[in-house]
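Single-structure report; data block below.
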Amino acid sequence: MAAPEIARCGTATPPSTTLASATPPLTAAPLAADLPARLAATAPRVVVLGDAVLDQWLTGPSRRLSREAPVPVVEVDHTRGSPGAAANTAANLAALGARTELVSVLGDDADAATVRELLTSHGVGIDGVVTDPTRPTAAKRRVLADDALVARFDTSSRAPLDAAAREALHAALRRVVVGADAVVVCDYDGGALDGAADLLGELLGAPGQRACRLVVDAHDPARWAPARPDVVTPNAGEVARLLGRELGGPDRVAAAEAAGPELRERSAAGAVVVTLDRDGALLLPADRDAPAHRTFARPAPEANTCGAGDTFTAALVLALAAGTPAATAVELAQAAADVVVGRPGTSVCGTGELAERVAAAEGPLLDATSLAAIVDEQRVAGRRVVFTNGCFDVVHRGHVASLNQAKRLGDVLIVALNSDDSVARLKGPSRPVNSLADRAAVIGALSCVDHVTVFDDDTPAELLELLRPDVYAKGGDYTPEMLRESATVGAYGGRVVILDYLPDRSTSAIVERIRGG
């Protein structure tokens with residue numbers, strides 16, 4: 001039977017007055033240091049639907065091997081539990097400032113009581129959590145000898161819910177989804193979400209009519225196509241499942257970008273965010289004419305990445321629910337994931353930690369001598385250094401696309417900014433619009449940018465001679481012959497690369513439009 005109209009998501013808040021439309025745009029793709037606090041202040045209401053898990057770590061010293069088998073005997077002296085999977089996404093959302101409700105199924109056992117207690121302590125609403133005494137609560141327990149993982153044992157049930165439990169779950173979803181700013185699905189094939197895609201499609205309506213965002217993080221994104229998600233967030237394995245083939249070639253990012261039309265078609269999603277662990281994430285926007293946007297991840301040991309995807313999804317959903325542009329939302333999500341991959345075990349990223357990470361990413365302007373020392377270290381480590389320069393006065397989509405492309409040419413991207421005096425000589429006395437410090441903060445906040453420096457001459461030739469980067473990249477409105485720096489780069493054996501040109505994007509044109517009223 002069709003759900004009553006009042007159960008449709010956001011009907012109490014018409015599209016013209018949703019948080020996304022009532023709140024002024026938060027920022028463009030680069031991150032501002034105060035963005036996490038501003039997002040938390042909006043406190044969007046988010047419903048998390050999915051498979052909840054108890055993550056648990058049993059740790060202690062190991063001083064001997066067992067006589068029963070050649071395995072270490074761990075003398076467990078500490079047990080720590082964390083909400084996992086959908087419960088971890090919900091906990092992260094609450095820590096970032098969202099008013100969060102979880103809709104899930106737990107067993108009638110001690111693990112369920114622990115998960116409920118953990119969720120409550122994180123400020124997650126659990127009125128939508130259903131108890132099914134016929135199935136165990138999903139749990140993943142890890143045994144560590146000091147800091148070394150020696151075993152993991154899981155409890156789970158992938159059997160579909162019986163009719164009564166399924167109806168209870170669906171009734172809970174109908175109840176809590178009213179007035180939500182976003183719904184996020186965390187489907188890890190736990191068997192509890194059969195039939196939920198059709199129900200969500202019914203409750204939320206068509207993408208152009210719904211008043212909230214639907215984000216799907218699922219092992220099998222195709223099964224949520226009936227709900228027509230606004231965004232899906234598959235990892236490399238889930239992309240392969242969706243496409244029916246692995247991402248081919250040495251460059252997974254390029255392969256994912258090329259597969260964009262297929263990914264959108266098979267998931268029925270507006271936008272696709274492909275998460276590629278060490279290679280960061282790739283946003284394939286809902287606007288088919290817009291360029292893809294890539295983030296770059298902080299490298300971390302595999303043991304420290306547990307739950308990082310949940311944190312990424314949480315920050316992404318929070319930002320989208322508050323009306324943040326998609327590219328900025330993905331950058332924020334990457335920053336949040338980078339916070340938790342620095343820790344062992346499943347972790348939660350809070351507003352303060354995220355703000356600290358964003359502020360640290362801006363970084364100070366490096367002087368030429370300090371930068372030269374860093375470049376020498378990178379070169380000794382075998383890393384390829386890419387250098388580009390410009391005024392970057394009012395950063396627009398063309399800038400971001402070029403910088404992302406430049407980073408793909410190597411391992412380390414240096415951006416040299418024209419000083420304020422240099423900009424004034426090149427662009428006229430009314431420029432720059434933004435001071436050097438502000439321009440550096442914006443450029444430095446992009447995850448593709450590793451270091452920012454400044455030069456005062458009309459060209460960066462002297463800086464290029466000092467740093468000797470492997471690649472000198474310039475925007476597509478130039479040719480190598482137009483650049484006086486090309487001779488410098490060629491003399492020391494470097495390579496000049498002209499980046500793709502995104503037409504109709506110009507800082508000068510933007511400034512003129514603003515001044516023209």
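Restricting 120, 114 to those that are without any contact (Cβ under 8 Å) to a residue 24 or more places away in the chain, under 22 Å from residue 349 (Cβ atoms) and either hydrophobic (A, V, I, L, M, F, W, C) or surrounded by fewer than 19 Cβ atoms within 10 Å (Cβ to Cβ) (or both) reduces the list to 120.
Examine segment 415-428 for a residue that is in contact (Cβ under 8 Å) with a residue 40 or more places away in the chain, crowded, with 17+ Cβ neighbours inside 10 Å and over 31 Å from the mean Cα position of the chain (by Cα), and state whether such a residue exists. Yes: one or more hits.
Okay, residues lined up against (1) in contact with a Lys or Arg (Cβ under 9 Å, 6 or more places away or on another chain); (2) at pLDDT 90 or above; (3) under 30 Å from residue 143 (Cα atoms); (4) surrounded by fewer than 16 Cβ atoms within 10 Å (Cβ to Cβ):
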| residue | (1), (2), (3), (4) |
| --- | --- |
| 2 | no, no, no, yes |
| 8 | yes, no, no, no |
| 26 | yes, no, no, no |
| 29 | yes, no, no, no |
| 41 | no, yes, no, yes |
| 46 | yes, yes, no, no |
| 71 | no, yes, yes, yes |
| 78 | no, yes, yes, yes |
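Residue by residue, here is whether (1) surrounded by fewer than 18 Cβ atoms within 10 Å (Cβ to Cβ); (2) modelled with pLDDT under 95; (3) within 23 Å of residue 40 (Cβ to Cβ); (4) not polar (S, T, N, Q) holds:
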residue: 168; (1), (2), (3), (4): yes, no, no, yes
residue: 172; (1), (2), (3), (4): no, no, no, yes
residue: 175; (1), (2), (3), (4): yes, no, no, yes
residue: 180; (1), (2), (3), (4): no, no, yes, yes
residue: 183; (1), (2), (3), (4): no, no, yes, yes
residue: 186; (1), (2), (3), (4): no, no, yes, yes
residue: 190; (1), (2), (3), (4): no, yes, no, yes
residue: 194; (1), (2), (3), (4): yes, yes, no, yes
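The lone criterion from (1) more than 20 Å from residue 483 (Cβ to Cβ); (2) assigned to a helix (DSSP H, G or I); (3) not charged (D, E, K, R) left unmet by residue 405 is number (1).
In the set 337, 401, 368, 329, only one residue is touching a residue at least 40 places away in the same chain (Cβ under 8 Å) and in the same structural domain as residue 212 (by TED's automatic domain parsing); that residue is 337. Looking across 251, 277, one residue alone is in the same structural domain as residue 334 (by TED's automatic domain parsing), modelled with pLDDT under 95 and on the phi > 0 side of the Ramachandran plot. It is 277.
Where strands (runs of 3 or more DSSP E) sit wholly within segment 29-133, those with at least 2 residues that are under 22 Å from the mean Cα position of the chain (by Cα) occupy 45-50, 52-60, 78-85, 99-106. Looking at segment 255-284, which of its residues are surrounded by fewer than 20 Cβ atoms within 10 Å (Cβ to Cβ), farther than 14 Å from residue 312 by Cβ and in contact with a helix residue (DSSP H, G or I) (Cβ under 8 Å, 6 or more places away or on another chain)? If the condition is that a residue be surrounded by fewer than 20 Cβ atoms within 10 Å (Cβ to Cβ), farther than 14 Å from residue 312 by Cβ and in contact with a helix residue (DSSP H, G or I) (Cβ under 8 Å, 6 or more places away or on another chain), then 262, 266, 268 are the ones that fit.
The values are calculated or read from the model by the stated rules, or taken from the named source; none is laboratory data. Because the structure is a prediction, the values reported are computed rather than measured. Cβ atoms come from the backbone with ideal geometry, glycine included; neighbour counts cover every protein chain shown.
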